[in-house]
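Asker: Structure provided below as structure tokens; questions to follow.
Read-outs: derived from the displayed coordinates by stated rules, not from any lab. Please read all numbers here as calculations on a predicted model, not as lab measurements. Note that each Cβ is placed from the backbone with ideal geometry, even for glycine, and that neighbours are counted across all protein chains shown.
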Amino acid sequence: MISAQDRKTAVELINEANANGARVSKACNILNISRRTYERWSKSGDNIADGKPRARRPVPKNKLTEEERQEVLNTVNQKEYSSLPPSQIVPDLADKGVYLASESTMYRILRESEQQHHRGRSKRLSSHPPETHITKAPNQVWSWDISWLPGPAQGIYYRLYLILDIFSRYIVGWEIWEKETAEYASELVKKAVISEKIKGQPLVLHSDNGSPMKASSFLVQLEKLGVSSSFSRPRVSNDNPYSESLFRTCKYRPDYPSKDLGPYEMPGSG
């Protein structure tokens, strides 16, 4: 919203430019206002301030009265509706031949009454702060994930298991399998720990919330190896960007997948 002082200054500048031979429309364009706006401001005189805040707007004919609003609140707070959203309350009332207000109106009334954030016995939403780990040397924090790689024919995919060291971006372990299981993941982590000669050193393995990552057998294997598990927030892929970025590089290689691979030939594992 443009203040009254700025409007007055704009009118004075345009009048001065016009008095010196400039066209009003060109001067308005420089100030990024239309000529019609300039004319309205000029006619306002001293009362040049925006009139929208002081405008008297008519009350809509279909606006709910205070009694009707209170009836809506009393209904949604009944025991049978206290844990339901308006999207379920309105159809249920319609089945009973009762119509109080639309879904959007109910949502607005609940929001104005501060009852929209949490209602009833449903579990209250909680925020999950991202897990933070600092690495100053190799083999302190690893990131791993599983991604699908296109095969030689349509409908054929391979599962790429990959573990990446965050500090050096070195791939400490990878394998390709036809299935996605916790047993394959456990085997890969064990091989990576042995190949990197990690024994008694604190190591964090970060991943998303996939089923192989949170499988009990996989978590037990990490505990045996002395590796601490770390997980991304639910439905937040940005918490595991290193693996996701590397997967994109793998999938956008111009020479993969090779057309020379047979329908049952694996591209290799390591």
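Asker: I'd like the FRET efficiency for Ser228 and Tyr107, computed as 1/(1 + (r/R0)^6) with the beta carbon distance as r and R0 of 41 Å, rounded to 0.05. Please list the in-between numbers first.
Answerer: Details: r = 43 Å, r/R0 = 1.06.
Step by step, r from the Cβ atoms, then E = 0.40.
Asker: Let me ask you something else. Could you work out the helix-only [θ] at 222 nm for the chain, with each DSSP H run of four or more residues adding -39,500 (n - 2.57) and the total divided by the number of residues, to the nearest 500 deg cm²/dmol? Please report the intermediate quantities before stating the final value.
Answerer: Numbers: 9 runs with 99 residues, N = 270.
The helix-only estimate for the chain comes to -11000 deg cm²/dmol at 222 nm.
Asker: With labels modelled as points extended 7 Å from the Cα through the Cβ direction, what inter-label distance (nm, one decimal) is found for Ser87 paired with Thr75?
Answerer: Here the answer is 1.9 nm between the modelled labels.
Asker: Quick one: grab Rg to one decimal and Dmax as a whole number for the stretch 4-44, Cα atoms only, in Å.
Answerer: 9.1, 26
Asker: For a footprinting-style exposure proxy, rank Asp255, Asp92 by other Cβ within 10 Å, fewest first. Write down the numbers at each step before the final one.
Answerer: On the way: Asp255 6, Asp92 12.
Ascending Cβ contact count within 10 Å gives the list Asp255, Asp92.
Asker: Can you work out ³J(HN,Hα) from phi for every residue in the stretch 61-72, in order, using Karplus 6.51 cos²θ - 1.76 cosθ + 1.60 and θ = phi - 60°, giving whole Hz and x for Gly and Pro?
Answerer: 5, 8, 5, 6, 7, 4, 5, 5, 4, 5, 5, 5
Asker: Okay, moving on. Can you give the Rg/Rh ratio of the stretch 195-252, where Rg is from the C-alpha atoms and Rh is the Kirkwood radius? Write down the numbers at each step before the final one.
Answerer: Details: Rg = 13.1 Å, Rh = 12.9 Å.
Answer for the stretch 195-252: 1.02.
Asker: Plugging the Kirkwood radius over Cα pairs into Stokes-Einstein for the chain, at a temperature of 37 °C and a viscosity of 0.692 mPa s, what D comes out in µm²/s? Kindly include the intermediate steps, with their values, before the conclusion.
Answerer: Details: Rh = 26.0 Å.
Answer, rounded: 126 µm²/s.
Asker: Now, a different point. What list of ³J(HN,Hα) couplings, whole Hz, do you get for the stretch 247-252 from phi and the Karplus terms 6.51, -1.76, 1.60, once you set θ to phi - 60° and write x for glycine and proline?
Answerer: My calculation for the stretch 247-252 gives 5, 5, 4, 5, 6, 9 Hz in order.
Asker: Here's another thing I want to ask about it. Note down the magnitude of the dipole of the chain about its Cα centre, charges +1 on Lys and Arg C-beta and -1 on Asp and Glu C-beta and zero elsewhere, to the nearest 20 debye.
Answerer: 1040
Asker: Report, in debye and to the nearest 20, how large the dipole of the stretch 88-171 comes out about its Cα centre when Lys and Arg carry +1 and Asp and Glu carry -1 on their Cβ.
Answerer: Details: 10 positive and 8 negative charges, 34 e Å.
Roughly 160 debye for the stretch 88-171.
Asker: A follow-up question, please. Once the Cβ-Cβ distance between Lys179 and Ser216 is put in as r, and R0 is 30 Å, what FRET efficiency do you end up with, to the nearest 0.05?
Answerer: Working: r = 18 Å, r/R0 = 0.60.
Rounded to the nearest 0.05, the efficiency is 0.95.
Asker: So which chymotrypsin sites (Phe, Trp or Tyr not before Pro) in the stretch 1-107 are both in a DSSP loop and have at most 16 other Cβ atoms within 10 Å of their Cβ? Don't jump to the answer; show the numbers that get you there.
Answerer: Working: sites: Tyr38, Trp41, Tyr81, Tyr99, Tyr107; in loops: Tyr81, Tyr99.
Qualifying residues, ordered by number: Tyr99.
Asker: Share of antiparallel DSSP beta bridges in the chain, in percent to the nearest 5?
Answerer: Working: 15 of 23 bridges.
Percentage antiparallel, nearest 5: 65.
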